[in-house]
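A quick write-up on the structure given underneath.
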Number of protein chains: 2
Amino acid sequence: MTAYTTNLDLDLVLERTVDVAPELVWKAWTTPELVVRWFAPKPWSTSSCEIDLQPGGRFDTVMRSPEGDEFPNSGCILVVEEGSTLVFTSGLAPGFRPQIAGEGLPFTAVIRIESDGSGTKYTATAMHADVPTKKQHEEMGFSEGWGAALDQLVDVAKSL
Amino acid sequence: MTAYTTNLDLDLVLERTVDVAPELVWKAWTTPELVVRWFAPKPWSTSSCEIDLQPGGRFDTVMRSPEGDEFPNSGCILVVEEGSTLVFTSGLAPGFRPQIAGEGLPFTAVIRIESDGSGTKYTATAMHADVPTKKQHEEMGFSEGWGAALDQLVDVAKSL
C-alpha cells in the first residue's frame, strides 16, 4: 500500500494497453536520449532532457514549439521503482526544494508500467492540487497530448 | 551521494551535538505521541500529530498558541532512512499532491541524525525556494524556535 492514490475529482488519468514490453516502456521513459524522441506531441519537439534517476533528482525537459520557442520544465523525481513506477512533480524543484509559486501548472505525474500478456498496461496519472488546476490541464489537452506522446513512445520502444 | 544538498544562500541550518543516543532522537521524531511533547517551543504546544512514515505519507501537526488558537501544518514525507534521515516538505500535500499556493511558508525539512561518541550529531535544515522566504523564516525565529524544540526533544528522549 503506497501513500499516494488517485483522486478522480482532482486527477487526470490516461490508461492504455500497448504492444511493447514493459522493460522497453521503462527504458523509453528513463533514458534522456529516448525521451527527446517522443515526449512532446508533434509538431512540438523536445530539444533537451536531463534525468537524475533517484528520489530528489531532476526530470528536466525543454519543449520547442513549431515556431521555435522553447519552454523549459523542471521537475523533481519522488519515486523510482525500477521497471514499474516513476513519480515526479513540478510542485518541487530538483533536490526537493520548494518551487517558486506561479511558475507553470503544478502537477505530480505517476507513471505505472505493468506486464499485460506480451504487452504493457500503461497508466499515467496527473495529480493536481484542486479542481480548477485539473480543469485547466484538461482544457490544455491532457488526453490528446499525453495520448499522442504515448503513440510516439511506442514507436520509439519498437525501434529499440 | 543524494540528489538533495544544502545551499547556504537559501537554507537555514541548525547543527548541534546532543547527549542522547541516535535511536532515541529518531524515535522522538517519528512517534506521534512523542512529537506532541516537544515539537512546539513553549509556551506553544502541539495538540496533535499524525505521521505515516513512508515516502508520500503525511507529517501533520497542529500547533496551539498560548491563547489557545490552533495552527495546522500538513507536510508530505519524501525520504525515510531508518535511524538516520527524515525529509518532509510543506511544498507538497500528503500523497505527493501539489499544494495549493499561498498556504503558509513552504519549506523542506531535512533531519539528519548521526552517531557522535555516545551522543548524536543533529542537523536540521530548512530548504527554501528563494532568499525572501529564507529571510522570512529567519525573522520568524527559526534558530530560536528549532533550537528550543531540540532542547525539548532531548528532554523527551532522556525520559524514554
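The values are calculated or read from the model by the stated rules, or taken from the named source; none is laboratory data. The model shown is predicted, which means the values in this text are computed figures rather than measured ones. Ideal geometry is used to build each Cβ from the backbone, glycine not excepted, and the neighbour counts take in all protein chains shown. The accessibility values were calculated without ligands, DNA or RNA, using every heavy atom of the protein model including side chains. Shrake-Rupley method; radii C 1.70, N 1.55, O 1.52, S 1.80 Å.
Which ones in the range A:1-48 are in contact with a strand residue (DSSP E or B) (Cβ under 6 Å, 6 or more places away or on another chain), among the polar types (S, T, N, Q) and over 20 Å from A:L160 (Cβ atoms)?
A:T6, A:S47, A:S48
Please go through the range A:115-124 and give me each residue that is within 20 Å of A:F39 (Cα to Cα) and open to solvent by 10 Å² or more (accessible area, probe 1.4 Å), ordered by number.
A:K121, A:T123
Restricting attention to the range A:131-147, report how many residues are open to solvent by 40 Å² or more (accessible area, probe 1.4 Å) and either in contact (Cβ under 8 Å) with a residue 12 or more places away in the chain or within 14 Å of the chain's Cα centre (by Cα) (or both). Walk me through how you get there before you give the answer.
Taking the range A:131-147 first, the residues open to solvent by 40 Å² or more (accessible area, probe 1.4 Å) are A:131-132, A:135-136, A:138-140, A:143-144, A:146.
Going one step further and asking which of them are either in contact (Cβ under 8 Å) with a residue 12 or more places away in the chain or within 14 Å of the chain's Cα centre (by Cα) (or both), we end up with A:131, A:136, A:138, A:140, A:143-144, A:146.
Qualifying residue count, the range A:131-147: 7.
What number of residues within the range B:81-114 are open to solvent by 30 Å² or more (accessible area, probe 1.4 Å) and β-branched (V, I, T)?
1
Identify the residue in the range B:1-44 that is among the polar types (S, T, N, Q) and within 15 Å of the chain's Cα centre (by Cα) and, among all such residues, is surrounded by the fewest Cβ atoms within 10 Å (Cβ to Cβ). Give the steps one after another, and end with the answer.
Kept after step one, since they are among the polar types (S, T, N, Q), are these residues of the range B:1-44: B:2, B:5-7, B:17, B:30-31.
This time we only want the ones that are within 15 Å of the chain's Cα centre (by Cα), so: B:30-31.
Values: B:T30: 18, B:T31: 16.
Looking at residues that are among the polar types (S, T, N, Q) and within 15 Å of the chain's Cα centre (by Cα), I get B:T31.
For the list (1) touching a residue at least 40 places away in the same chain (Cβ under 8 Å); (2) assigned to a loop (DSSP other than H, G, I, E, B), I need the number of the one condition that A:V13 fails.
Evaluating A:V13 over (1) touching a residue at least 40 places away in the same chain (Cβ under 8 Å); (2) assigned to a loop (DSSP other than H, G, I, E, B) leaves (2) as the failure.
Checking B:N73 against (1) within 21 Å of B:A148 (Cα to Cα); (2) modelled with pLDDT of 95 or more: exactly one of these is not met. Which one?
If we test B:N73 against (1) within 21 Å of B:A148 (Cα to Cα); (2) modelled with pLDDT of 95 or more, just (2) comes out false.
May I ask you to say which residue of B:G56, B:G95 is without any contact (Cβ under 8 Å) to a residue 40 or more places away in the chain and on the phi > 0 side of the Ramachandran plot? So that I can check it myself, show each step before the final result.
Working: B:G56 fails: without any contact (Cβ under 8 Å) to a residue 40 or more places away in the chain.
Result of the check over B:G56, B:G95: B:G95.
Conditions first: (1) within 11 Å of another protein chain (Cβ to nearest Cβ); (2) part of a loop (DSSP other than H, G, I, E, B); (3) under 23 Å from B:R16 (Cβ atoms). B:A129 passes all but one, so which condition is the exception?
It is condition (3) that B:A129 fails.
Looking only at the range B:60-80, decide whether some residue is in contact (Cβ under 8 Å) with a residue 12 or more places away in the chain, of a type in the set (K, R) and either out of contact with any strand residue (DSSP E or B) (no Cβ under 6 Å at 6 or more places or on another chain) or buried (at least 18 other Cβ atoms within 10 Å of the Cβ) (or both). I'd like the intermediate steps shown before the answer.
To start, the set of residues in the range B:60-80 that are in contact (Cβ under 8 Å) with a residue 12 or more places away in the chain comprises B:60-66, B:70, B:72-80.
Going one step further and asking which of them are of a type in the set (K, R), we end up with B:64.
Those still in the list that are either out of contact with any strand residue (DSSP E or B) (no Cβ under 6 Å at 6 or more places or on another chain) or buried (at least 18 other Cβ atoms within 10 Å of the Cβ) (or both) too: none.
There is no residue in the range B:60-80 that is in contact (Cβ under 8 Å) with a residue 12 or more places away in the chain, of a type in the set (K, R) and either out of contact with any strand residue (DSSP E or B) (no Cβ under 6 Å at 6 or more places or on another chain) or buried (at least 18 other Cβ atoms within 10 Å of the Cβ) (or both).
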